[in-house]
Amino acid sequence: MRTADVGAFGVTVVGVAMVLEVAALASQPVSVVLLVALWCAARTTTVAAAAFLRYVREEGMATLMLSRPAPAWPLVALLPAGVIAGFAEGARGVAAAAAVVVAGAAVLALSQRRIGGFTGDVLGAAIVAGQAVGLVVGAARW
């Protein structure tokens, strides 16, 4: 974040994400394997963003992970996360891993539309949103 202050919207989003994650974790027995799979899927989604979106800053923390042309292979790396989640929790785990990718992609798409690409802050937001949505889907009663 270029500025030290965080707006009311940012604080609200962080608070909602934390409440969703705590509620999702408290409503089910903890599956460490599912948590690891969702963690991996969220971060892999952001790495794949570099292959499809433009980095909008001249310099920043995210420049360390950029190379041009960016490879699209991180998309293939999402498969093991889905398989591991499916192994741990069956269809519920696969749905949770898919939800992580969809939520992260939605944040990235919004960023593409609003600012023409991504920044490191956007990648962080995609991770938080993806994990929160994945945990909620994983906690759903199937």
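The values are calculated or read from the model by the stated rules, or taken from the named source; none is laboratory data. Predicted, not measured: the structure shown is a model, and the values here were computed from it. Positions of Cβ are generated from backbone atoms using ideal geometry, with glycine treated the same way; all protein chains shown enter the neighbour counts. The area values use the complete protein model at the heavy-atom level, side chains included, leaving out ligands, DNA and RNA. Shrake-Rupley method; radii C 1.70, N 1.55, O 1.52, S 1.80 Å.
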Inspect all residues belonging to the stretch 57-73 and state whether any of them is at pLDDT 80 or above and either among the charged types (D, E, K, R) or touching a helix residue (DSSP H, G or I) at 6+ places or on another chain (Cβ under 8 Å) (or both).
-> no
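Residue-wise test of (1) open to solvent by less than 20 Å² (accessible area, probe 1.4 Å); (2) small (Gly, Ala, Ser); (3) assigned to a helix (DSSP H, G or I); (4) within 25 Å of Val14 (Cβ to Cβ).
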| position | (1), (2), (3), (4) |
| --- | --- |
| Leu78 | no, no, yes, no |
| Ala88 | no, yes, yes, no |
| Val94 | no, no, yes, no |
| Ala103 | yes, yes, yes, yes |
| Ala106 | no, yes, yes, yes |
| Ala109 | no, yes, yes, yes |
| Asp121 | no, no, yes, yes |
| Ala126 | yes, yes, yes, yes |
| Gly134 | yes, yes, yes, yes |
Kindly indicate the residue of the stretch 98-121 that is touching a residue at least 60 places away in the same chain (Cβ under 8 Å) and over 10 Å from the mean Cα position of the chain (by Cα) and also nearest to Ala17 (Cα to Cα) among those meeting that condition.
-> Asp121
Within the stretch 29-49, residues open to solvent by less than 30 Å² (accessible area, probe 1.4 Å) and touching a residue at least 40 places away in the same chain (Cβ under 8 Å) come out as Ser31, Leu34, Ala37, Leu38, Ala41, Ala42, Thr45, Thr46, Ala49
